[in-house]
Amino acid sequence: MLRPRRALAWLAGLLTWLVATLAPAEPPRFATLDWTLAETLVALEAPPRAVAQIEAYHAWVGEPALPDTTTDLGLRSQPNLERLASLDPDRILISPMFANLTPRLQRIAPVQSLPLYRPDRDTWHEMRELTRSLGRLVERPEAATRLIDRTERKLEALRGRLAEDVPALLVVQFMDSRHVRVFGAGGLYQAVLDRLELENAWTGPTNAWGFSLVGIEALAGLDARLVVVEPYPAGVRESLDDSGLWQHLVASSRGTPIVLPPVWSFGALPSAGRFADRLVSALESDDAA
């Protein structure tokens, strides 16, 4: 039989072991320079501890918003390494775009690169795979499956809300008052248009991210409805009022041009769902008018 003092010590040790065993493990501490990875982690309810250029993230990505507790690492191309090191992350997540930073980053923590928008790959399939990979990393595979299923059900429901006579769409984003990114094959917007069974008027060449940088004169003669994705660079929206060429394109658009709030064109499933929702809602508003 244990003496009272030894019994108490044994019980205290047992309680300590039980607390350590049964308490939920602390989630991995991740930092990322990439907004696509950041938005997906937020959607998985496992937001990163640190992200580069948070203010710009909210300007270009929009939603899902980063928590107020997220630390800003500075520029994506030149992160604040001292600040990053002070956070003691378990892992730093990047996309291949930031591969040149790997030697410096890996002095702080293991670096993992997760690709998206690879040539000759199906974009939608890659977005699904990226979601599953991140779900495994943050130990939330079920959350990844839910995000995939939820997004696909959402797009299927949105497709059912569309009229049958939607004209071909021409999706652009302004770089300055005379040049736009026009989106086509291989990009997120195209992947969404395919699932909504909508036609894209741009059949020209695109780069690995699914867009081509062109002068707005390249859009002339396309029989389509214009879709402009914000944000506009500073001063561009005002200068378009004085652009005869742009006003001609507006006048020839098959319906009033649609202007959508920021949606990250290089994003993953969260951005895909947001783009689909905003686009279908805008098209429905026209039908109701």
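Overview of values
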quantity: Filter result (more than 23 Å from the chain's Cα centre (by Cα) and among the small types (Gly, Ala, Ser)) within region 58-90; calculated: 85, 86
quantity: Subset of region 101-119 that is touching a residue at least 40 places away in the same chain (Cβ under 8 Å) and of a type outside the set (Ser, Thr, Tyr) - its residue that is surrounded by the most Cβ atoms within 10 Å (Cβ to Cβ); calculated: 116
quantity: Residue list for region 129-156, filter: open to solvent by 60 Å² or more (accessible area, probe 1.4 Å) and within 24 Å of residue 193 (Cβ to Cβ); calculated: 129, 132, 149, 150, 152, 153, 154, 156
quantity: Lone qualifier among 251, 282 - being touching a strand residue (DSSP E or B) at 6+ places or on another chain (Cβ under 8 Å), farther than 13 Å from residue 190 by Cα and part of a helix (DSSP H, G or I); calculated: 282
quantity: Inter-residue pairs, beta-carbon under 6 Å, first at pLDDT 95 or above and in region 43-62, second of a type in the set (A, V, I, L, M, F, W, C) and open to solvent by 50 Å² or more (accessible area, probe 1.4 Å), 6+ apart; calculated: 49/87; 50/87
quantity: Failed criterion for residue 213 (all others in (1) surrounded by 15 or more Cβ atoms within 10 Å (Cβ to Cβ); (2) of a type in the set (A, V, I, L, M); (3) not in a helix (DSSP H, G or I) hold); calculated: (1)
quantity: Selection count, region 216-248, where residues are exposed (fewer than 14 other Cβ atoms within 10 Å of the Cβ) and either polar (S, T, N, Q) or not in a helix (DSSP H, G or I) (or both); calculated: 9
quantity: Qualifying residues in region 201-210 (those that are open to solvent by less than 40 Å² (accessible area, probe 1.4 Å) and out of contact with any Gly (no Cβ under 6 Å at 6 or more places or on another chain)) - the one nearest to residue 248 (Cα to Cα); calculated: 201
quantity: Residues that are among the polar types (S, T, N, Q) and either farther than 24 Å from residue 62 by Cβ or touching a helix residue (DSSP H, G or I) at 6+ places or on another chain (Cβ under 7 Å) (or both), drawn from region 224-246; calculated: 243
quantity: Any pair with Cβ under 6 angstrom, 6 or more apart, that starts in region 133-157 at a residue that is under 19 Å from residue 267 (Cβ atoms) and ends at one that is among the hydroxyl-bearing types (Ser, Thr, Tyr); calculated: 134/40; 144/131; 147/131; 148/131
quantity: Filter result for the condition that a residue is crowded, with 18+ Cβ neighbours inside 10 Å and part of a helix (DSSP H, G or I), over 173, 190; calculated: 190
quantity: Conditions (1) within 18 Å of the chain's Cα centre (by Cα); (2) open to solvent by 70 Å² or more (accessible area, probe 1.4 Å); (3) at pLDDT 95 or above: number failed by residue 122; calculated: (3)
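The values are calculated or read from the model by the stated rules, or taken from the named source; none is laboratory data. Predicted model, so just to flag it, every value in this text is computed and none were measured. Heads up, the Cβs are rebuilt from the backbone with ideal geometry, glycines too, and the neighbour counts pull from every protein chain shown. In case anyone asks, the SASA skips ligands and DNA or RNA and just uses the protein heavy atoms, side chains included. Shrake-Rupley method; radii C 1.70, N 1.55, O 1.52, S 1.80 Å.
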